[in-house]
């Protein structure tokens, strides 16, 4: 054991809670992703929420709403 660690206290670090996200399945539509990620919400509301939380995907992408398998799609609002 490293001599500097003998008798030293061990500090535990905790990880901060991270915002929930999913990645799209191949050929998955926004509606299918919304139903999978937010099953307890009405589909129209789930789609609207996902659009609002993911402007990086839905505002600038051409064609509009195209999701890639590498996209990080947030399924909850930003943490404060």
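The values are calculated or read from the model by the stated rules, or taken from the named source; none is laboratory data. In this text, all values refer to a predicted model and were calculated from it rather than measured experimentally. No Cβ is skipped: glycine too gets one built from the backbone with ideal geometry, and neighbour counts run over all protein chains shown.
Kindly evaluate residue 46 against the criterion of being part of a helix (DSSP H, G or I), surrounded by 15 or more Cβ atoms within 10 Å (Cβ to Cβ) and either modelled with pLDDT of 95 or more or touching a helix residue (DSSP H, G or I) at 6+ places or on another chain (Cβ under 8 Å) (or both). In short, yes. As a summary of the residue check, residue 41 satisfies the conditions (1) over 15 Å from the mean Cα position of the chain (by Cα); (2) in a loop (DSSP other than H, G, I, E, B); (3) loosely packed, with under 12 Cβ neighbours inside 10 Å; (4) on the phi < 0 side of the Ramachandran plot except for the one numbered (3). Checked against the criterion of being part of a loop (DSSP other than H, G, I, E, B), surrounded by 10 or more Cβ atoms within 10 Å (Cβ to Cβ) and modelled with pLDDT under 95, the candidates 7, 69 yield just one match: 69. Cβ separations smaller than 6 Å between residues 6+ apart or across chains give no pair from region 17-38 residues that are on the phi > 0 side of the Ramachandran plot and crowded, with 17+ Cβ neighbours inside 10 Å to residues that are outside any loop (DSSP other than H, G, I, E, B) and at pLDDT below 95.
Has region 58-65 got at least one residue that is under 17 Å from the mean Cα position of the chain (by Cα) and in a helix (DSSP H, G or I)? Within region 58-65, one or more residues are under 17 Å from the mean Cα position of the chain (by Cα) and in a helix (DSSP H, G or I).
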